[in-house]
Amino acid sequence: MAVITTANLKEDHEVDVYLTCSTKYLSELGFTEHGQRHANIVAHRAYQVLNELGYEERSCQLASVAGYLHDIGNMVNRFNHGGTGAVMAYAILARLGMPPEEIALVISAIGNHEEERGQAVNAVAAALILADKSDVFRSRVTNTDFAKFEIHDRVNYAAESSALLIDKEQRTITLQLTINTDICPVMEYFEIFLVRMVMCRRTAEFLKCRFSLIINDNQLL
């Protein structure tokens, strides 16, 4: 059995094709970016969550692997892309020689990252959820015509910075955003992301932490 890390996935042609196609197909439907950029950020933040909370190194690495692969199911269809992506990730990780015990953690995380049907079932899944939902940023907007922006475009384009902050001693996980309110009011963020923030709160509780949301230096949760 092999020790598979995110570095191995970045060198894998199959993974590269699936991520490229995922963001290409979703952009045709008007969705925000879900390719290598998003995969890299989510992988990094998922690792960060567990690492800063003191989890052992391999758990952190598996969270990163789940973060890098979590959206490949979008290549097939946006609907239930978590479930589809989990099956696709299984085939990739099995081919690469990852042990079944580790594959189980990764694919359960991928299959549970959607707010419509997922929840934190283990620490790897929890880290993935928090990392994924925290990536709100203007570079994710694929629509180049501002006049045709819909609410998701406006909210992401208005986000000038986003950071996920972990405090092990205080047991807090904080999503800190800077939003340009000339582009969209803060209320629009909650209009489309309220369910995600509730998921983040419950996920933080799974990790025995408290979730906090700060927008423009104002604590809202």
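The values are calculated or read from the model by the stated rules, or taken from the named source; none is laboratory data. Note that the structure is a prediction, hence the values are computed from the model and not measured. We place every Cβ from the backbone using ideal geometry, glycine too, and count neighbours over all the protein chains shown. SASA here: full protein model, heavy atoms, side chains in, ligands and nucleic acids out. Shrake-Rupley method; radii C 1.70, N 1.55, O 1.52, S 1.80 Å.
Some points to look at:
- Additional length obtainable on full extension of the chain from Gln219 to Arg117, 0.36 nm per residue less Cα span: 33.9 nm
- Taking every protein chain into account, the accessible area of the range 38-95 amounts to 36 square angstrom per residue (probe 1.4 Å).
- Scanning residues 5 or more positions from Ala159 or on other chains, those with amide H under 5 Å from its amide H are Arg138, Asn180, with H placed 1.01 Å from N in the peptide plane.
- For the peptides 61-72, 172-183, 100-111, residues were scored by their other Cβ atoms within 10 Å and the scores averaged per peptide; the highest-first order is 61-72, 100-111, 172-183.
- Under the convention that each Lys and Arg Cβ holds +1 and each Asp and Glu Cβ holds -1, the size of the dipole of the chain around its Cα centre is about 280 debye.
- Accessible surface of the range 66-221 [probe 1.4 Å, protein heavy atoms]: carbon and sulfur percent: 53 percent
- Rounded to 5, the percent of DSSP beta bridges in the chain classed as antiparallel: 60 percent
- Positive-end ranking of His34, Thr20, Asn51 along the dipole of the range 5-55, with charges on Cβ about the Cα centre, is headed by Asn51.
- Rounded to the nearest 20 debye, the dipole magnitude of the range 33-78 is 160 debye, with +1 charges on Lys and Arg beta carbons, -1 on Asp and Glu beta carbons, and the Cα centre as origin.
- Its alpha carbons considered, the range 72-221 gives a radius of gyration followed by a Dmax of 16.7, 50 Å.
- Restricting the trypsin sites (Lys or Arg not before Pro) of the range 136-221 to loop positions (DSSP other than H, G, I, E, B) with no more than 15 neighbouring Cβ atoms within 10 Å leaves Lys168, Arg171, Lys208.
- Scalar couplings 3J(HN,Hα) for the range 36-52, obtained by applying the Karplus form with A = 6.51, B = -1.76, C = 1.60 to θ = phi - 60°, are 4, 4, 5, 4, 5, 5, 5, 4, 5, 6, 5, 4, 4, 4, 6, 4, 6 Hz; x denotes Gly and Pro.
- Partner aspartates and glutamates whose Cα lies under 18 Å from the Cα of Lys148, excluding those fewer than 8 positions away in the same chain, are identified as Glu28, Glu33, Asp182, Glu188.
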